[in-house]
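The next block holds one structure in the form of structure tokens; read it before the comments.
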Amino acid sequence: MTETVAEEDRTATGERLAGALARRALWWTVLTLTGGVERRGRLPRGGCVVVANHSSHADTAALLAALDARHRPVIGAAADYWFASAWRRRICRRLAAGFPVRRTGGGTADLLAHTARLRAGRVVVLFPEGTRGGSGPVGSFHRGALVLAREAGVPVVPVGIAGTDRLLPKHGRLRSALVRVRVGAPLPPGADAEEARAAVAALHSRTNAEALRDSPARRRVAAVVASRWGLPLAFAWAFAEALSWPLMPELLLGAVCVAVPRRAVPLSLAALGGSLAGGLLALQLAASGAHPPAPLTTERMRVEVRAQLAAEGARAVRHQPWNGVPFKVYAAEAGRAGTGSADWLAASAKARGARTLTVGAGFGALGLLLRRWRRHYGRYLALLGAGFTTGLWLIVAGWN
């Protein structure tokens, strides 16, 4: 009988850990897609009560994404809000491991019911302000979290969260923002509410200052990309390059997808659409005898492309992403060779699509990896420009 109970306990523990791992993976993925999440510091071994500032509903997601799943954290949630209806109750329990805490009397008893969990090594996460404070200073703390820690004999761990008030403002809509979570040094079980509040406020202030560090250049680029002009700009740049403009759309994608990674896919699709439309127009102009200017191209490029088109037809454009010959040269020579519009569009969509979407996704991933160094975005643009200029010079010289 004892062995059976022990086995059931181990099974339940394994299920709780699997749930904690799943929740962490879920919220880490969500926050990564909306601007990123990073953590500094770690929780101590064993049980503890985590106290954090509360400015947004996204605070819960930030903590679940940042804290180690091995602690199997549970989060106190306002009973009168998150447990007021069946669907909110299910969401809170399944996606946030939430438990109800009454705000109008009886809240301390709700917290003390979790004393055994703390002594067993788990983590209870609480927002002692009791409500979201928005972007203002950290408010006064209720004593419940400190009473629980003292009763269980576990430390209180202050945590500062920054960026969630920009990610999901109080009464606002979701938008892109980097979220930072800083775990502070543990306070003894006997710490008082003011001591805990001061520790959280200091962490929040320091973390918020770090989160606000950003490059003015990146902010300006991000503002344009997020505006109604972002997608038309990508389309127009690629359209112009397919006709005459010497700067590849991949240069634009390298700048904007790193600045705003979540826009990488729509920007890449817009650039692809512009490239295909411009290439089709270039083909038709060349077929009618028009010759738009083509700077930074050489006669050797045109000779090579004519030979490829003669041997392969429209499929010859598959070589373009790899040999350095501009797309406009292929489009113009295909028009002069009498290549059909439908065949050209199908072949160029495959060749350009593979390159444009891969490049856009790659720069978007780079933007996510480099999000903590956004203040150096201006230097990144300089390196990107220098690298592109050097590469373009080498390509033109190689085909000269």
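Below is a table of values for the structure above.
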| item | result |
| --- | --- |
| Overall Cα dimensions of the stretch 216-398 - principal axes, largest extent first, Å | 50, 33, 24 |
| Equivalent ellipsoid semi-axes, the stretch 134-178, via Cα gyration tensor eigenvalues times 5, rooted, Å | 30, 12, 9 |
| Hz values of 3J(HN,Hα) by residue in the stretch 266-278 - Karplus curve (6.51, -1.76, 1.60), Gly and Pro given as x | x, 5, 5, 5, 5, 5, 5, x, x, 5, 5, 5, x |
| The stretch 9-212 - percent relative contact order, Cα under 8 Å, separation 6 or more | 28 |
| Global form of the chain, assessed from the alpha-carbon gyration tensor, a/c cut-off 1.5 | prolate |
| Relative contact order for the chain, counting Cα pairs under 8 Å that sit 6 or more residues apart, in percent | 15 |
| Built amide H within the under 5 Å cut-off of residue 75, gap 5+ | 98, 99, 125 |
| Sequence-distant residues sharing a close amide H with residue 40 (under 5 Å, placed H) | 181, 182, 183 |
| Extension gain (nm, one decimal) between residue 322 and residue 223, 0.36 nm per residue minus Cα-Cα | 32.4 nm |
| Loop-located trypsin sites (Lys or Arg not before Pro) in the stretch 34-64, at most 16 other Cβ atoms within 10 Å (DSSP) | 42, 45 |
| Fewest-first sequence of 129, 250 by Cβ atoms within 10 Å of each Cβ | 129, 250 |
| Percent antiparallel among DSSP beta bridges (both partners in the chain, rounded to 5) | 20 |
| Debye intensity ratio I(q)/I(0), log10, the stretch 99-164, q values 0.12, 0.15, 0.23, 0.27 Å⁻¹ (C-alpha model) | -0.33, -0.51, -1.06, -1.29 |
| Part-to-part distance (alpha-carbon centres) for the stretch 15-76 and the stretch 202-281, which is given in Å | 31 |
| The stretch 201-286 shape via C-alpha gyration tensor axes, a/c threshold 1.5 | prolate |
| Cα-based equivalent ellipsoid of the stretch 237-336: semi-axis lengths in Å, sorted from largest, via gyration tensor | 25, 14, 12 |
| 5 Å binning of all Cα-Cα separations within the stretch 9-212, expressed as whole percents from 0 upward | 1, 8, 16, 21, 23, 17, 9, 3, 0, 0 |
| Stretch gain in nm, segment residue 25-residue 140, where the contour uses 0.36 nm per residue and the Cα spacing is subtracted | 38.2 nm |
| Residue 187 long-range amide H proximity, modeled H, under 5 Å | 156, 157 |
| The stretch 170-181 - phi-based ³J(HN,Hα) in whole Hz, Karplus 6.51/-1.76/1.60, Gly and Pro as x | 4, 6, x, 9, 5, 8, 6, 6, 7, 9, 10, 10 |
| Karplus-derived HN-Hα couplings along the stretch 30-41 (A = 6.51, B = -1.76, C = 1.60, θ = phi - 60°), whole Hz, x at Gly and Pro | 4, 6, 5, 6, 9, x, x, 9, 9, 10, 10, x |
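All of the numbers you see were taken from the coordinates with simple rules; none came from a lab. Owing to the predicted nature of the structure, the values given are computational and were not obtained by experimental measurement. FYI the Cβ positions are ideal-geometry reconstructions off the backbone, even for glycines, and counts take in every protein chain you see.
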